[in-house]
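K.L.:
What follows is a structure written as C-alpha cells; I'll ask about it next.
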Ligand SMILES: Nc1ncnc2c1ncn2[C@@H]1O[C@H](COP(=O)(O)OP(=O)(O)OP(=O)(O)O)[C@@H](O)[C@H]1O
Ligand SMILES: [Mg+2]
C-alpha cells in the first residue's frame, strides 16, 4: 500500500483531506468512504459505536443528543467537557476521535496508508489551541509534520499560482472562525505581513441568528420555548443551517419546526436575514480594518491588489457584496472551491515538509489554483517553492510578567509583537546574581496582564549564585506558531529551561509575586564589612575616593544593608565601626587615615570577630602588595567555605592574581581609582539583586 503525507483542513463544521502528487505536480482532494470531498466535523457515540461525518450529522439532525459538533471552537479550553456514551471528552479528545476515523475512511476509500499530516488551524488560534491540535493529530495516529494557518494554506494554494508581484488578502469566514490575512506575494515567495481574526465568529453565528428568530416566533405562537428541549433544539440548529444555505441562492425559504406537538412554519426572506446579521458582517469588516491599522503607514483597502474569499460562509451574497463595496472591485472566489482550498494548501505544505521543495506543473494559464490542475506563473513555466518561500507571522504578541518601573506593580512586558515573523528568535540580555529565575509568559496585546492569557512558567537555571551572570534568553514562535524558550550564558553554555503550565490565575500569580517580593525584601538583609587599606600609599586621592565610595555604596544598597562594619588595615587591622546601623558608616569612614605598610591580614581579623555565615559580605579595597599573602589566601578560603562572599577591589599597585585568589568567583576587580564609586555601586547592585533573589522569583523584564 502506498504511504502518503496529507494536508488536513480540520474545520469547525467541515473537514477536508488532500494530497500533493509530485508526479503530476497537482493536488488531489481525497474523498472519504462515502465518496465526499468534505466531511462534517461531527462526532456521534452511542452504545460503543462511534460515527463521524455525514452519518453523525444525520444523527444530530434527528435530534440525537449523543452527537457533538463545533468542538473546534472550544479547542484548548480546559473547562469544556462533553459526555458522549458516558465518557468525558474535551475538544482535543473529540478532534482526536474525529481525525482517527477520518484517517481510516480516507485510507479505505483511496487504498493508501497515511503517515504524516499538515493540519491547518485558524491564524488567530493561540498557544493552547495550537498545542491541542498537535496533540489531537498525534493521538489520532498521524505524524504531525506541521501546523499551518488556514489563510496561509489558502494563499499557498491560490496565491502562488497567480504569478507576479502583488499584495493579497484572504478573507476566511468558515463555520466557526473568521481570519483575515494579508500577504505580499512575489512569484514563489509569500510573506504574510499581518493577520487578525476571531475564533468565535463564523457561519454558526449566522445560524444562531436564524435559530433565535425561530425560537421567538414559535414561542409567540405557541407559548413553547424550543430551546428548553434539547432534542428539538438540536434539530432546529441543523435546519437553520440548511435554510441559511438556501438563502444564498433563493430569496426566501420556509423553516418548519415541531415541538411539544405543535408545528410552526415560518418564512424568512434573504433581506430579513441580511438585515438581522448585519452586525456580524460589520464585525468582520471591523477586524479587517483593524488589521490595516496594525500595519500602519496608511494601509487601506486600496493598498490591496487582490482579495480572495475562503470558507463556506463566503458563499453568502452579503459577504461578496460588502467586500466589493469596500474594495471597489470584485473579490476572487476560487471557482467555488472555497471549502477545499485550505486542505489543498496544506497538502502542498506536507510535500514541502518531506521533500524540501515542490514543483508545480505548468498549465494553460488564467487563475488556476493548484488543486484545479496545478498552475504556474503566467501559466507557462513551472514554479518551484522551497521551505523558505513561505514566511508567516504570529497572530498574538508574546510577553512576560515584569515589575513595572515603580517596582510595586506588574505589567505584561511585550517581547514579540503581534505580526512578527515566526521562526525568528527574539533575544533579551540579562544580568542576574542568583542561581535560578522564574519567568511567566503570556499571550495578548495589552500591557495589563489581566487582559492576557497566561501560558507557561519557565524556570531558568544553570547560573552561579553570587556572581553577575550574564546571559541571553531567546523567545521564539516556531514554524507551528508555538512558543519555545531557550537560554545561554555569555560564555555560550546553555542554561536549563524547564516549562510548566500554571494552575493559578493571572491575578493569583501577580498577587503572589508582589507578596514574595515584599517578603524577600524583608528577608534580604545583608551584613557588610569593608576592609580598607590605610597604608601610606593610599593617602590623598585614594583615601578620599574610598570614603566617598563607601558612602555611595551604602545609600545604593538602601534597605538591604542591615549591619555595616569597617576595618582599616595597614601594619595592623582595626575595627573603626562594628555591626552598626548604615548611617554610622559616615562617621566611621572619616576616621580612615593612611599610614604605614600592608603587614596585616584583615581577612583573618574579620574571621576572628565575625565568624561566618550566609548573608555576610566582605569588601576589601587595597592599592598594593601584601606582606602576608599566603595567610590571607588561607583565611579567605576558610571564610568563603563558610558562606562569606568576598569582593576584592584593587587600585594602584594591587596584584590582580592575588585579588582573584582571595575573592569569591567573579568578585575580583582591578580598576582605576576614578572608577571606584562606580565599581562600588555595581557591587551594591549585585548584592541587592542577589539578596532579593533569595526568594525564588526574580523578574526577567
Ligand atoms: N451555500 C452556502 N451559503 C451560506 N453558508 C454556507 C454555504 N455553504 C456552506 N456554508 C457555511 O460555511 C460554513 C462551513 O464553511 P467551511 O467548511 O469553510 O468552515 P470550516 O472549515 O468548517 O470552519 P472553520 O474554518 O471556521 O473552522 C458553515 O457555517 C456552512 O453553513
Ligand atoms: Mg475552514
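Computed from the coordinates by the stated procedures, all read-outs in this text should not be read as laboratory data. What you see is a predicted model; the values in this text were computed from it and never measured. Positions of Cβ are generated from backbone atoms using ideal geometry, with glycine treated the same way; all protein chains shown enter the neighbour counts.
K.L.:
What is the spin-label model distance, in nm, from residue 230 to residue 263 if the labels are put 7 Å beyond Cα along the C-beta direction?
P.N.:
Rounded to a tenth, the inter-label distance reads 2.7 nm.
K.L.:
On to the next question. Stretch residue 590-residue 329 to full length: gain in nm at 0.36 nm per residue minus the Cα-Cα span?
P.N.:
Contour length minus the Cα-Cα distance gives 85.6 nm.
K.L.:
Moving to a separate point now. Sorted by mean Cβ packing within 10 Å, highest first, what order do the peptides 236-243, 84-91 take?
P.N.:
Put in order of decreasing packing, that is 236-243, 84-91.
K.L.:
Give the angle, between 0 and 90 degrees and rounded to the nearest 10, that separates the Cα long axis of helix 150-162 from the longest principal axis of the Cα atoms of the chain.
P.N.:
70
K.L.:
Separate question: Taking the 0 to 90 degree range and rounding to the nearest ten, how far is the long axis of helix 506-523 tilted relative to the main principal axis of the chain, both from C-alpha atoms?
P.N.:
0
K.L.:
Under a plain spin-label model, where a point goes 7 Å from the Cα along Cα-to-Cβ, how far apart in nm are residue 271 and residue 608?
P.N.:
Here the answer is 10.6 nm between the modelled labels.
K.L.:
Let me know the shape class of segment 47-118, please: from the alpha-carbon gyration tensor, a ≥ b ≥ c as square roots of the eigenvalues, rounded when a/c is under 1.5, otherwise prolate if a/b is greater than b/c, or oblate.
P.N.:
It is oblate, given that a/c is not under 1.5 and a/b is not larger than b/c.
K.L.:
Considering only the chain, what is the antiparallel percent among its DSSP beta bridges, to the nearest 5?
P.N.:
70
K.L.:
Right, another one. Work out the FRET efficiency for residue 657 and residue 191 from their Cβ-Cβ distance, taking R0 = 51 Å, and round it to the nearest 0.05.
P.N.:
So the FRET efficiency works out to roughly 0.40.
K.L.:
Relative contact order (percent) for segment 524-692, with alpha-carbon contacts under 8 angstrom and 6 or more residues of separation?
P.N.:
26
K.L.:
Label segment 71-182 by shape, choosing from rounded, prolate and oblate, from the square roots a ≥ b ≥ c of the eigenvalues of the Cα gyration tensor; if a/c is under 1.5 it is rounded, and otherwise prolate applies when a/b is larger than b/c, oblate when it is not.
P.N.:
It is oblate, given that a/c is not under 1.5 and a/b is not larger than b/c.
K.L.:
Could you order peptides 673-681, 93-101 by the average number of other Cβ atoms within 10 Å of their residues, highest first?
P.N.:
Ranking the peptides 673-681, 93-101 by packing returns 93-101, 673-681.
K.L.:
Hey, how many Å between the Cα centroid of segment 92-117 and the Cα centroid of segment 306-335?
P.N.:
Segment 92-117 and segment 306-335 have Cα centres separated by 32 Å.
K.L.:
Continuing with the same structure: Between residue 21 and residue 431, with labels modelled 7 Å along Cα→Cβ, what's the label distance in nm to one decimal, could you check?
P.N.:
6.5
K.L.:
Based on DSSP H runs of at least 4 residues, each adding -39500 (n - 2.57), what is the mean residue ellipticity at 222 nm of the chain after dividing by all its residues, to the nearest 500 deg cm²/dmol?
P.N.:
Mean residue ellipticity, 222 nm, calculated: -10500 deg cm²/dmol.
K.L.:
Can you figure out the FRET efficiency of residue 135 with residue 83, using R₀ = 22 Å and their beta-carbon distance, to the nearest 0.05?
P.N.:
The formula returns an efficiency of 0.60 here.
K.L.:
Below 8 Å, C-alpha to C-alpha, sequence gap of six or more: please give me the relative contact order for the chain in percent.
P.N.:
Averaging sequence separation for qualifying contacts and normalising by length gives 11 percent for the chain.
K.L.:
Moving on to the next point. Please give the Cα centre distance for segment 472-522 versus segment 167-186, rounded to the nearest Å.
P.N.:
33
K.L.:
Among rounded, prolate and oblate, which fits the chain when a ≥ b ≥ c are the square roots of the eigenvalues of its C-alpha gyration tensor, a/c under 1.5 means rounded, and a/b larger than b/c means prolate?
P.N.:
Verdict is prolate for the chain.
K.L.:
Relative to the first principal axis of the alpha-carbon coordinates of the chain, what is the inclination of helix 317-327, with its axis defined by its Cα atoms, in degrees from 0 to 90 and to the nearest 10?
P.N.:
The answer is roughly 50 degrees.
K.L.:
Percent relative contact order of segment 24-76, based on C-alpha pairs within less than 8 angstrom and at least six residues apart?
P.N.:
The normalised contact order for segment 24-76 reaches 27 percent.
K.L.:
Using only Cα atoms, locate the centre of segment 222-284 and the centre of segment 625-644, then give the distance between them in Å, rounded to an integer.
P.N.:
About 87 Å separates the Cα centre of segment 222-284 from the one of segment 625-644.
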